[in-house]
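First up is the structure itself, then whatever we jot down about it.
The values are calculated or read from the model by the stated rules, or taken from the named source; none is laboratory data. Note that the structure is predicted; figures quoted are calculated from it, not measured. A quick note on method: Cβ atoms are made from the backbone with ideal geometry, for glycine too, and the neighbour counts reach across all protein chains shown. Accessible surface areas use protein heavy atoms only, side chains included; no ligands, DNA or RNA. Shrake-Rupley method; radii C 1.70, N 1.55, O 1.52, S 1.80 Å.
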Amino acid sequence: MDADSLYYSLELVAGSGYTLNIEQRAALQTSLVILRKNYKFQRVLYWGKILGLKEDYFIAQGRGEDEMNDKKNLYSFNCMDWFLLPPATDSMIDEVSRAAKGRFIGDPSYVYEHLEIRRQGEGDEAEEEEVVTKVNEESRLAVTVHQIDEEVSVVPRGAFIKSPHGLVQVNRSFGGLSHSEAGKLDNFLHFSKPKNLKKKSILEMGDLNPSIDFLDVLSDDIPKGSWSLQFECASRVCVLRSLLWLGLTFYHVPMTPQHGYIYIGDGTKNLDLPFML
Amino acid sequence: METADENQDSSQLKVQSAASLKAFMLKNSTKSNLNLYDHLTRLLIKVMDEHPQNVVDVIEDISHDVKRGLVEDKQSTLRDLPQTTAAELLAEQQRLLFSRPEDADQEDELVETPLPNVSEIGFYLEQAGVGLGREEMQRIFLALKQLVESQALLRCRLWGKIVGTESSYIVAEAEYREGEEEEEQITDEAAEEEEIETEAQDSEKNEMDPLPQSTYKPAPVVPKEAIGTGANKCVYYVCKEPGLPWVKLPPVSPVQITVARHIRKFFTGRLDTPVNSYPPFPGNEANYLRAQIARISAGTQVSPQGFFQAGEEEGDEEDEAPRDSYEVNPDFEGTPVTEMAESLSNWVHHVQHILQQGRCTWVNLAVKPGEDSNEEGEAEEKEEEPDEPEPEVGPPLLTPLSQDAEMFNTPPWSSKTSSTLTSQHAAAVLRSNLWPGAYAYACGKKFENIYVGWGLKYAGEGYSPPVPPPPQKEYPSGPEITEALDPSLEEEQALKEALEEQQAAQEEMEDTDEEEEDDD
């Protein structure tokens, strides 16, 4: 969620059970402003918190000109001193998915090890090779934040527009979804590179506006029912919760441009989802 | 005089031309039904009212505005039907929360209320980073007050919130009043009687060709715990939003707890949803909710050590029944916050652990009917001993947390202080890693537990549902259906010869008998 709206939007996502201490909130407001100046971001967002066994990581995200491609993630333990996370490459994602198991510890230099014994050759000449994959927790953190953004970041339809040059920017004349529109999952889009757009039929594409509808719709997610849509706070705020990554909460106040998402959880994907629905 | 006439004529002419111009201006336009005269009047009245700056430069825009203002008025001939949105309905109901009864003003101050100090708890929870937002917490506490007044409960506290896919549950924990126990037992007995009747009818089926009877014997049903003891010690009320009526949850039975341990399902938010799962859950979502609440309470309700002390202990009962009563220790001083946050041995469980069987006190199910004859058959007793199950024992009440077992390589609890900058006034916060969402805080003599989450236990890497048991073979094997080899030709002939020899021998014997008789 945007750093400028932090003081009221935390109350709106508190339905999931997590808030920030008043001390942490004050520290965040100060340090995010400084962060924006130092790194020359256009906007700074408070992305969320990943809970570890010993310590929790606070994550912030800075956005540049292009909201989709120009992102940098930072983490901190005390909301004051921020460290830059490396961007997640494909090889890093591979290593992390093989080696990292269990919960986050809370120590960025902790090393996860995974031992694999591979056999090469046939028969008696088989040679056993021990392949050890080592991943440290900082890379695991970077990969997790990247995956959560890719899979479950949400924006309402019309909040971002794609300029003819391909730049994705905030739509300054977004008035908000109406109350009835906010109750339908069709009006919420994934904020990541679209995968399903090309599969839509020409008839469906006729209704869409190419500058607004350049992202995937949430209701196309498999399995169906992996999003929970509720109206909270005396039915004033529309809250979306992801069941795939437990802890991601998106809020939107209908008829206003206020929206944002935050992830507070232990950073593990819920692979049991098909059993639980 | 002519000039006067001329003047009159010219002024009359002027008046006439003015009148004709006015008439011209009053002509309604065919397109918009406006006329210039009225428009200019309105325009000049607007200019007189507003006195804009540089009016001559903006006069065209003002003229446009006036025209547009007229058009909008004419289009709205339909009246809006006011539709009450869901938000408005809820607001009406929540308004009742804020109404104050007029009678009991002064009495409240003297009598001890069963409601805890609500703003204080909300403050400490916010310090710990847990909470539902200030306004929502306030509404929840007012709803709790409403519950206490309507049900006349002895003690009540906010247990927490369980998030569901369509809506959530806010759960309150209370203690049973004395009269309620009898009502509950009566309804349970009536339900059991109905079940027995239906079973009797089923067993009278067809006796012509006996179909293969199932040899499956279901495990004996573990009896429920009495209300007020064990897992049913407290009664729970749920509601969807503060302000809506509270619903009481039924007491939990041990089989529901054992099945709930094997399944993993989200809550939908409606209490009557069936729970489709394997192993099949006996009950609907209300029972599943109650079972999860019981498990969470048993696993994560903790208090600082020393706050509670064991109840009156009876002398001989050291080995047998575990203690299930505790009372507030009046001499509790309060442990400093840094010690509470550092070591887990300063915290203890104050809710009884639920055994494998699903109850808090173990019940021996292998007791067979007809035990009166045991005194005679001591030899029989010795045979039965190896079959008797061992009693299940759980950790006694008030055991410190340092003895909690680790599961899936994660320590069961994480602890820290709520603030590092002002640690003199911080609170110690304990977070459970096995039940994500369970928190406890302690500051001096005050402490509280709360659960806000999805209602599911941490299951390690992946959950795999239990496999159904293998199907039974069709018939129990007996001599009628066992296959046997058909005898070969040589065997048949050998048998035939043997039989003939036997017959011949028999005939000879009969003949000799007859001969002997004849001789006599």
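Please go through the stretch B:240-264 and give me each residue that is open to solvent by less than 30 Å² (accessible area, probe 1.4 Å) and not β-branched (Val, Ile, Thr), ordered by number. So that I can check it myself, show each step before the final result.
Pass one, the stretch B:240-264, residues open to solvent by less than 30 Å² (accessible area, probe 1.4 Å): B:242-243, B:249, B:251-254, B:256-257, B:259-260, B:263.
Those that are open to solvent by less than 30 Å² (accessible area, probe 1.4 Å) and not β-branched (Val, Ile, Thr): B:Pro242, B:Gly243, B:Leu249, B:Pro251, B:Ser253, B:Pro254, B:Gln256, B:Ala260.
Take the residues in the stretch A:1-29 that are within 13 Å of chain B (Cβ to nearest Cβ) and of a type in the set (S, T, N, Q), then tell me which one is most open to solvent (accessible area, probe 1.4 Å).
A:Gln24
Write out, first by first residue and then by second, each pair whose Cβ atoms fall under 6 Å of each other, whose residues are 6+ apart or on separate chains, and whose first residue, in the stretch A:219-231, is more than 12 Å from chain B (Cβ to nearest Cβ) while the second is open to solvent by 50 Å² or more (accessible area, probe 1.4 Å) and charged (D, E, K, R).
A:Ser219/A:Asp186
Just to be sure, is B:Ala172 open to solvent by less than 80 Å² (accessible area, probe 1.4 Å), within 19 Å of B:Leu96 (Cβ to Cβ), modelled with pLDDT of 75 or more and among the hydrophobic types (A, V, I, L, M, F, W, C)?
Numbers: open to solvent by less than 80 Å² (accessible area, probe 1.4 Å): yes; within 19 Å of B:Leu96 (Cβ to Cβ): yes; modelled with pLDDT of 75 or more: yes; among the hydrophobic types (A, V, I, L, M, F, W, C): yes.
So B:Ala172 fits the description; yes.
If I ask for residues that are modelled with pLDDT under 85 and among the acidic types (Asp, Glu), which ones from the stretch B:138-169 would you list?
B:Glu149
Which members of the stretch A:244-258 meet the condition of being more than 7 Å from chain B (Cβ to nearest Cβ) and either free of Cβ contacts under 8 Å to residues at least 12 places away in the same chain or not hydroxyl-bearing (Ser, Thr, Tyr) (or both)?
Matches in the stretch A:244-258: A:Leu244, A:Trp245, A:Gly247, A:Leu248, A:Phe250, A:His252, A:Val253, A:Pro254, A:Met255, A:Pro257, A:Gln258.
From the residues in the stretch A:9-24 that are more than 20 Å from the chain's Cα centre (by Cα) and not polar (S, T, N, Q), which one is nearest to A:Tyr251 (Cα to Cα)? Quick ask: steps written out before the conclusion?
Looking only at the stretch A:9-24, we keep the residues that are more than 20 Å from the chain's Cα centre (by Cα), and these are A:21-24.
Within this subset, residues satisfying the condition of being not polar (S, T, N, Q) are A:22-23.
Details: A:Ile22: 21, A:Glu23: 23 Å.
The residue in question is A:Ile22.
For the condition touching a Lys or Arg at 6+ places or on another chain (Cβ under 6 Å) and within 30 Å of A:Ala26 (Cα to Cα), what is the one hit in B:Tyr439, B:Tyr451? Steps first, please.
Numbers: B:Tyr451 fails: touching a Lys or Arg at 6+ places or on another chain (Cβ under 6 Å).
From the options B:Tyr439, B:Tyr451, the qualifying one is B:Tyr439.
With within 14 Å of chain B (Cβ to nearest Cβ) and in contact (Cβ under 8 Å) with a residue 24 or more places away in the chain as the only criterion, which of A:Asp66, A:Asp56 stands out?
Working: A:Asp66 fails: within 14 Å of chain B (Cβ to nearest Cβ).
From the options A:Asp66, A:Asp56, the qualifying one is A:Asp56.
Surrounded by fewer than 16 Cβ atoms within 10 Å (Cβ to Cβ), under 21 Å from A:Tyr46 (Cβ atoms) and among the aliphatic types (A, V, I, L, M): which single residue out of A:Val170, A:Val131, A:Val154 fits that description? Lay out the reasoning, then the answer.
Numbers: A:Val131 fails: under 21 Å from A:Tyr46 (Cβ atoms); A:Val154 fails: surrounded by fewer than 16 Cβ atoms within 10 Å (Cβ to Cβ).
Being surrounded by fewer than 16 Cβ atoms within 10 Å (Cβ to Cβ), under 21 Å from A:Tyr46 (Cβ atoms) and among the aliphatic types (A, V, I, L, M) holds for just one of A:Val170, A:Val131, A:Val154, which is A:Val170.
Select from the stretch B:36-54 the residues that are of a type outside the set (Asp, Glu) and farther than 15 Å from B:Arg68 by Cα and list them in ascending order.
Looking only at the stretch B:36-54, we keep the residues that are of a type outside the set (Asp, Glu), and these are B:36-37, B:39-48, B:51-54.
Selection gives B:Tyr37, B:Thr41, B:Leu44, B:Ile45, B:Val47, B:Met48, B:His51, B:Pro52, B:Gln53, B:Asn54.
Tell me, please, whether a residue that is surrounded by fewer than 14 Cβ atoms within 10 Å (Cβ to Cβ) and within 14 Å of chain B (Cβ to nearest Cβ) can be found in the stretch A:111-119.
Yes; the residues of the stretch A:111-119 include at least one that is surrounded by fewer than 14 Cβ atoms within 10 Å (Cβ to Cβ) and within 14 Å of chain B (Cβ to nearest Cβ).
Every residue in the stretch B:416-434 that is open to solvent by less than 10 Å² (accessible area, probe 1.4 Å) and away from every other protein chain (no Cβ under 12 Å), please.
Correct list: B:Ala428, B:Leu430.
If A:Ser235 meets every condition in (1) out of contact with any strand residue (DSSP E or B) (no Cβ under 7 Å at 6 or more places or on another chain); (2) among the polar types (S, T, N, Q); (3) at pLDDT 85 or above apart from one, which number is that one?
For A:Ser235, the failing item is (3).
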